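The values are calculated or read from the model by the stated rules, or taken from the named source; none is laboratory data. Just so you know, these numbers come straight off a predicted model, no measurement behind them. Reconstructed Cβ throughout: ideal geometry from the backbone, glycine too, with neighbour counts over all protein chains shown. Side chains are part of the model used for accessible areas, which takes the heavy atoms of the whole protein and leaves out ligands, DNA and RNA. Shrake-Rupley method; radii C 1.70, N 1.55, O 1.52, S 1.80 Å.
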Amino acid sequence: MRPDVPQIWDWLDAVPDPEIPVISVVDLGIVRSVQWDGDTLEVAVTPTYSGCPATSIISIDIETALRDRGLNDVRIKTQIAPAWTTDWLSEKGRSKLEEYGIAPPQAAGGPERCPHCSATHVEKISQFGSTPCKAQWRCKSCLEPFDYFKCI
Amino acid sequence: MAQTADLFEFLCRMGDNTLVLGHRVSEWCGHAPVLEEDIALANTALDLIGQTQMWLGLAAEVEGQGRSADDLAMLRDAWNFHNVLLVEQPNRDFGVTILRQFLFDAWHVEMLQRLITSSDQRIAEVAAKSVKEATYHLERSSTTVIALGDGTGESHNRMQDALNLLWPYVGELFADDAVDTAMSEEGIAPKSSDLRDAVMARITDVLAEATLQVPDGDFTHKGGKTGFQHTEHLGHMLVAMQNLQRSYPGATW
């Protein structure tokens, strides 16, 4: 029996992002569609950054998770348009990022507050960070450095 | 429809620019002056190589000869690379690297913005994806050029030396040939010369803020984008970049 599509979205929501395991691939907004094509399940995935090395791992993780649920006929389709934007991060994903110590993206181009102490007195250290999707910032109040999820 | 050969050539030029610059920038990995810059350079390289995958992947698809993006990147010789000479120039010091990045970014952002409305949907999609990354690169390279140009005496002099060295390579970005004409007639891409005013305005604004003097003269080195004559540096770079496939043909992992 084919599981229905909302059920599959729930399963995908349990697949963690390999770099930031507190959020799921669904929270990240990179799973663009899930649909049955006959007996084949087609999952469309969009890359965050075009060179992000996590992209291929994410496809493997999605395939593995669905196989574990008994779905053997899965096709992962890479879709680049429309281009991924941090607007697609879920609300749940945003709050989990902050709890984990990563400031969520803001349209203003910088973090709203320090994810550790919530102070708003923050400064940029570098435009890039440990993964393509992050920049390095520092809190001028608690003096802790932190990652900021770049807004694109 | 544009001739397949022209479209293939245009796509290779886009992909060769990002590939060659991406590889050059990646040479800094582990060698940058400070950790933050090392990370920034590596991330920039990663974006450029990711964009290469899209451009050369599309080039291979258009060519229809069964080649892949990897084949194009790793198995062509220097004369078949059609990147502009600017991007193959060696890193030298951090000033040259960041100024080269800035000059390229200024052109790249303008080009990609125009390509978003390309009559070829596939090109429009790659451009829309890439422009977000390129815009971010331009933001960083502009602020760094300004900080170093308008910095200490030493940093200012080094940036001025870098500008004097690289300036004769800028003109090639705006040099038209038959491929440009073919792309422009089909609404696929703007002519290279159409970008000049917007790109030069962006460049001269930043250089003025960086207190750097644009060198006199309009001599331009050419030959990269047509493949007619690269500088000696490209071959040396390819030896390192293609070493694995040359030593172990067809190796995969």
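Annotations for the structure displayed:
- If you filter the stretch A:1-47 down to residues that are charged (D, E, K, R) and under 27 Å from B:MET54 (Cα atoms), you find that the one that is surrounded by the fewest Cβ atoms within 10 Å (Cβ to Cβ) is A:ASP37.
- Helices (runs of 4 or more DSSP H) completely within the stretch B:1-89 that count 2 or more residues being among the acidic types (Asp, Glu): B:4-26, B:35-63, B:69-74
- Within the stretch B:7-59, restricting attention to residues that are touching a residue at least 24 places away in the same chain (Cβ under 8 Å), charged (D, E, K, R) and within 13 Å of chain A (Cβ to nearest Cβ), the residue that is least open to solvent (accessible area, probe 1.4 Å) is B:ASP47.
- Test: residue in the stretch A:17-34 that is touching a residue at least 60 places away in the same chain (Cβ under 8 Å), small (Gly, Ala, Ser) and not assigned by TED's automatic domain parsing to the domain that holds A:ILE102: yes
- Any chance B:HIS156 is farther than 20 Å from B:PHE8 by Cβ, within 14 Å of chain A (Cβ to nearest Cβ) and in a helix (DSSP H, G or I): no
- Filter result for the condition that a residue is at pLDDT 95 or above, crowded, with 19+ Cβ neighbours inside 10 Å, polar (S, T, N, Q) and out of contact with any Lys or Arg (no Cβ under 8 Å at 6 or more places or on another chain), over B:THR144, B:THR135, B:THR117: B:THR144
- With respect to the conditions (1) within 14 Å of chain B (Cβ to nearest Cβ); (2) under 20 Å from B:VAL131 (Cα atoms); (3) without any contact (Cβ under 8 Å) to a residue 60 or more places away in the chain, A:GLN106 falls short on a single one, namely (1).
- Tally of residues being under 15 Å from B:SER141 (Cα atoms), open to solvent by 50 Å² or more (accessible area, probe 1.4 Å) and touching a residue at least 24 places away in the same chain (Cβ under 8 Å) across the stretch B:157-214: 2
- Within the set B:ALA127, B:ALA106, the sole residue that is in contact with a helix residue (DSSP H, G or I) (Cβ under 6 Å, 6 or more places away or on another chain), away from chain A (no Cβ under 14 Å) and crowded, with 24+ Cβ neighbours inside 10 Å turns out to be B:ALA106.
- The set of residues in the stretch A:84-105 being surrounded by 15 or more Cβ atoms within 10 Å (Cβ to Cβ) and assigned to a loop (DSSP other than H, G, I, E, B) consists of A:TRP84, A:LEU89, A:SER90, A:PRO104, A:PRO105.
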